[in-house]
Structure formats: C-alpha cells, structure tokens
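A quick write-up on the structure given underneath.
The values are calculated or read from the model by the stated rules, or taken from the named source; none is laboratory data. Since the structure is predicted, the reported quantities are computational estimates derived from the model, not experimental observations. For neighbour counting, all protein chains shown are included, and Cβ atoms are generated from backbone atoms with ideal geometry for every residue, glycine included. Keep in mind that these areas ignore ligands, DNA and RNA; they rest on the heavy atoms of the full protein, side chains included. Shrake-Rupley method; radii C 1.70, N 1.55, O 1.52, S 1.80 Å.
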Amino acid sequence: MRHPTNRVFLDPASLSRIVKEGNLGNPKRLSEFVRLLRPDITDTHALVLFEIKPDDEESRGEGREQARRYLTALNEAVDPDKQLKGGSDFEGSLFLEFENGGALWQLSWRTPEPGVTLYRWSYRRKKPNASWKERAAQKEEALPREEVEQRGELAEQAIQTAYDKGERPEGFQGQVYLPGDCN
C-alpha cells in the first residue's frame with residue numbers, strides 16, 4: 001500500500017462509522033438516509049475516497065455518481081478543515097498464477113477520474129516452461145466470464161492472503177505476484 005499508516009475504511013464501513021472513527025466531525029450531521037451508505041475505500045488521513053467498478057462506461061458513470069453522492073454527504077458532516085475529495089493516481093496490476101503455471105490472470109486497475117477506480121481481469125494463454133515474467137509479456141486476452149465465476153472467489157482469497165502474508169487458501173495451487181513483483 002502507498003500509505004500503510006493511514007486510517008483507511010473499506011466497504012462495509014458506513015459513512016457514520018467513517019466520520020466517527022476517522023475523527024472527521026460529527027456523524028449526527030449525516031441524514032438518516034445517508035448514514036448507512038458504504039463507499040468502497042475512504043482514507044481519512046489523506047482525505048480521499050474511491051469507488052471501485054468494472055472497467056466499462058456504464059460502471060464508470062455509476063462509480064462517478066456514487067462517489068459524488070458519498071462526498072457530498074461526508075463533506076456536509078465533516079469539519080471544514082477535513083473536506084474529502086475523490087482520490088487519484090491509484091493504478092497498478094498484479095498477477096495470479098493458477099495450477100503452478102497453468103493459468104496466468106492479471107488484475108489491473110486505474111483511476112481515470114477523481115474518485116473512480118476501474119478494474120479489469122485478463123489472462124495469458126498457457127506457455128510451457130516459461131517464467132511468469134515471460135508469460136506476462138504475452139498478449140493479454142479478456143478473461144472468460146465462466147472462468148471468473150469459477151475461480152473469482154479463490155483469486156480474491158489468494159490476493160488478500162498475499163497482502164496479509166498469511167496461509168494460502170485451500171485449493172489454490174500457484175503464486176500471487178504483487179505490484180512490487182510486477183515492476
């Protein structure tokens with residue numbers, strides 16, 4: 001993470017909890033209607049918010065609207081010196097190698113406009129005896145929806161485990177190459 005000491009709230013943290021525990025202001029200033037809303041990522045030290053969506057125009061518009069709604073509600077409740085804005089400069093990628101060299105997935109993300117981070121999955125075809133870096137240099141292809149549905153939860157668990165430096169999830173035979181490995 002770029003700012004590991006910052007106080008970061010992830011969905012399902014509500015706006016009320018973010019304001020209170022982030023020491024941003026008075027959560028009672030939030031209307032009853034918006035108190036329970038849950039932005040995807042809110043950094044209360046850097047005072048930025050991100051909505052994360054799939055990389056397509058419809059989702060981008062949805063993310064833009066949600067970020068605007070969350071920021072409007074938060075900024076009505078926070079102290080004047082703690083106004084939040086849409087985050088920017090959040091981009092990168094990581095690779096997951098399944099079956100010890102079988103499937104190589106890539107998760108990439110970018111923030112094309114403040115507060116909206118778009119992600120997409122792609123993959124590289126199997127190439128026997130090639131390193132993951134050689135395979136990463138191959139042409140990327142869209143990941144078939146069936147495969148995402150089949151392995152998506154396992155991929156999410158493997159990524160979280162890699163970041164937390166924990167035990168591999170059961171059934172995951174492979175490696176996770178985090179952004180530092182991908183440079």
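Here is how the numbers come out for the structure above:
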read-out	value
Order by protection proxy (mean Cβ within 10 Å, highest first), peptides 18-27, 120-129	18-27, 120-129
With Cα atoms, 0 to 90° folded angle of helix 57-77 axis to the chain main axis	30
Segment 45-183: Cα Rg divided by the 2.2 N^0.38 Å rule of thumb	1.23
Cα-based Rg / Dmax (Å) for segment 102-176	13.6, 42
Solvent-accessible heavy-atom area per residue, rounded to whole Å², over the chain at 1.4 Å	60
Distance violations [Cα-Cα > 32 Å] among Lys85/Lys127; Lys53/Lys133; Lys53/Lys139	Lys85/Lys127
Partner aspartates and glutamates for Lys20 [C-alpha distance under 14 Å; skip if fewer than 8 residues away on the same chain]	Asp43, Glu76, Asp79
Sum of -39500 (n - 2.57) over DSSP H runs of 4+, divided by residues of the chain (222 nm, nearest 500)	-9000 deg cm²/dmol
Relative contact order computed over segment 52-178 (Cα-Cα under 8 Å; 6+ residues apart), in percent	24
In Å², nearest 10: area of Asp11 left accessible to a 1.4 Å probe	60
Area accessible to solvent at Thr161, 1.4 Å probe radius, in Å²	30
Isotropically averaged projected area of segment 25-115, using the convex hull of Cα atoms (one quarter of hull area), nm²	7.6
